[in-house]
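The structure appears right after this line, and notes come after that.
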Amino acid sequence: MRAAWDRIAARNRLLRLLVRGGARPAGALFALQALGAVLPALHALAVGYLVARPSPARACIVAGLLFLDQTGWLLRTALGTLVARRIDGSLRATVRSLAASAPGLGELESAEFQDRAERVIDGGVSMSRRRSAGAAAVGQLTLWFRMVGAAAATLLLARFSPVLAVSLLVVSLGVRTMLRRQWIGLIDVLDADPVSQRKLLYLSELAVTAASHDVRMYGLTDWLGMRFRAMGMIAYGKVWRGLWSVLRRQWLTFVLITAMAAAALAVPAMATADGRLRPDELITYVLAAWGIFAISGMGFEAYDIEYGLRGMQATEELTARYAGTAPGVEGPTATGGPPTVCLEDVVFTYPGRQRPTLDGLSLTLHPGEKLAVVGANGVGKTTFVKLLCGLYRPDSGRITVDGREPSLPEWRRRTTVLFQDFVRYPASLRDNVALGAPELPVNDDAVRKALDLAGAGALVDALPDGLDTSMWREGDDGTDVSGGQWQRIALARALYAVHAGRRLIVLDEPTAHLDARAEAEFHEQVVSRVPDVTTVLISHRLSTVRPADRIVLLRDGRVAESGSHSELLAAGGDYARFFALQAGAFHYRAESR
């Protein structure tokens, strides 16, 4: 009983979503659905009157009702699509807002968030489904008025035989319930494995766009095709088997519908043969019976409702979990000088892993210091950056700024980062730089200065429209540049944020896309020319970090070595060995030329 009440309550919440589609479109859709509900009964009466006494006027009434029915169907379809898309857009905006307000990446990367967000935004690309809360709301309204139409037809048929009318309605609703349980149960099977469906989508995107060059160069079409088919069997194999099971159980519904259709025809026919019904009444009541039968069919709205319910419930769960959390970047304009940042015995473990990436990391960043963090691949350098920026939360330990733990909005207004996997925004060159400080009006002089400081000043003059050049390579009027030039643009974005008041700048592998000459000039032209900031430089190229005030080497998730370049070389530890290896490789390449 509780489950039934929960379903009713959920369907009522679907109807309340209609207001998100706009008051006027939703109101017009409601009116058209009400008209569509009573038209079958009116049509049955009109046809009966026409048969009883044929006349041009009555024929026009029947034709007018048919025209009104078809016109109403077309308008309902168009309005229903409009309302559904507006509702879906509103819910997706809600999810985007919740994602933006999540304080860190841990929440966004969790399976809980990913599964629910997918159910909200999934348009449905398989099993003939569309997971749309908007379509579900419109479908629920359609179903509600189909029930109204069936009730009107039942009342009309009850004028002849209340027993037959009620019997047809009960059996029709029973058949609908049976069909719903059989077919809708497949949705639960389909929703049980969202991870496999995400993998299937990933493989399809990999084949079409993400790895299109590798697919052609290495002949991976067959390999990807086999992987796609195998993953399809994992994701949908149980659904296909369930589909055949449902088809084999359709005999009972077939028998019930056949029996009731025979009764709907035979009972009025026998009454007409006995003289108890006129021919016009026979036609009216048979058409009314067919109006009742309409409710037994599983229209697409039934599937829309069941799929869309899950999207609505996912939105409600995400809202309950994440609404009210602090926005990720909102806060006061950055103020103050370079901060003192202390990491005290910080431990962090990625979900699903047994071993912590950072294990007891303690480190102090002094105001105005240029600190370099190095180490072998996988020791946690990028993880350290994300913890420093508040994108992850430590499992234990704490991170303080100037002796206290600041709020995330406040801290992020004092920090700027060049991430290793920096973003290439589909926008103008100006916006790609100015988005480093979106809270301030765009200052072209500051944008040009940041580009000059990043070594990309000549790029402005080389591009066709200067700062207005579109950097969206997918567009017809877009312009793409090399990886090294993009890295300089991303670096300019971080430097522009320094102009806006950020006083901690973190550079994660800032020379990964630069050539040897540009790398050698990086510290002299960039890092040393950024005054009054605390700089954290992450790199595996030790020549880049050599001029830093202090270098720390991470090992086993904590600081293993600390000192200047000369001090670490003299200590003869891992840093000295790494530097000797890289220097030897450089000299070998130079001599071989």
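The values are calculated or read from the model by the stated rules, or taken from the named source; none is laboratory data. As the structure is a computational prediction, the values presented were derived from the model and not from experiment. As a convention, Cβ positions derive from the backbone with ideal geometry for all residues, glycine included, and neighbour counts pool all protein chains shown. When the accessible area is computed, the model is the full protein with side chains, heavy atoms only, and any ligands, DNA or RNA have been set aside. Shrake-Rupley method; radii C 1.70, N 1.55, O 1.52, S 1.80 Å.
Taking amide H positions as placed in the peptide plane 1.01 Å from N, state which residues far from residue 537 in sequence (5 or more) or on other chains have amide H under 5 Å from it.
Amide H neighbours of residue 537, under 5 Å, 5+ apart: 371, 372, 373, 507.
Could you pull the Rg and Dmax for the range 1-107, using just the Cα atoms, both in Å?
21.5, 76
Of the listed peptides 107-113, 13-19, what is their order by residue-averaged count of other C-beta atoms within 10 Å, with the highest listed first?
In descending order of packing, they fall as 13-19, 107-113.
Where the centre of each part is set by its Cα atoms, how far does the range 33-54 sit from the range 380-444, in angstrom?
Centre-to-centre distance over Cα atoms comes out at 67 Å.
Using only protein heavy atoms and a 1.4 Å probe, report how much of residue 214 is accessible, in Å² to the nearest 10.
For residue 214, solvent-accessible area is about 60 Å².
May I ask you to order 283-289, 317-323, 342-348 by the average number of other C-beta atoms within 10 Å around their residues, highest value first?
Final packing ranking: 283-289, 342-348, 317-323.
Note down the Stokes-Einstein diffusion coefficient of the range 248-309 in µm²/s, whole number, using a Kirkwood radius over alpha carbon pairs, 25 °C, and 0.890 mPa s.
Estimated via Stokes-Einstein, D reaches 179 µm²/s.
Would you mind working out the magnitude of the charge dipole of the range 260-319 relative to its Cα centre, with +1 at each Lys and Arg C-beta and -1 at each Asp and Glu C-beta, to the nearest 20 Debye?
For the range 260-319, the charge dipole is close to 340 debye.
May I ask for the distance between the Cα centers of the range 544-577 and the range 67-82, given as a whole number of Å?
73
Suppose we look only past 38 Å in the calculated P(r) of the chain. What percent of the Cα-Cα pairs does that tail hold?
When every Cα pair of the chain is considered, 52 percent fall beyond 38 Å.
Taking only protein heavy atoms into account and a 1.4 Å probe, give the accessible area per residue of the chain in Å².
51
Please give the peptides 486-495, 366-375 ranked by average Cβ packing (other Cβ atoms within 10 Å per residue), highest first, as a rough proxy for protection.
486-495, 366-375
With θ taken as phi - 60° and the coefficients 6.51, -1.76 and 1.60, list the Karplus ³J(HN,Hα) couplings across the range 551-564 in order, rounded to whole Hz; mark glycine and proline as x.
Couplings: 10, 10, 10, 8, 8, 6, x, 8, 6, 9, 9, 8, x, 6 Hz.
Run the reach check for residue 449 against lysines, Cα to Cα strictly under 26 Å, same-chain hits fewer than 8 apart removed. What comes back?
Excluding near neighbours in sequence, the set is 370.
Charges on Cβ only, +1 for Lys and Arg, -1 for Asp and Glu, centred on the Cα centroid of the chain; of 500, 286, 427, which one is farthest towards the dipole's positive end?
Farthest along the dipole direction, towards plus: 286.
So how many Å³ per residue does the convex hull of the Cα atoms of the range 374-413 work out to?
Expressed per residue, the convex hull around the Cα atoms of the range 374-413 is 95 Å³.
Below 19 Å, Cα to Cα, which lysines can residue 199 reach? Residues fewer than 8 away in the same chain don't count.
238
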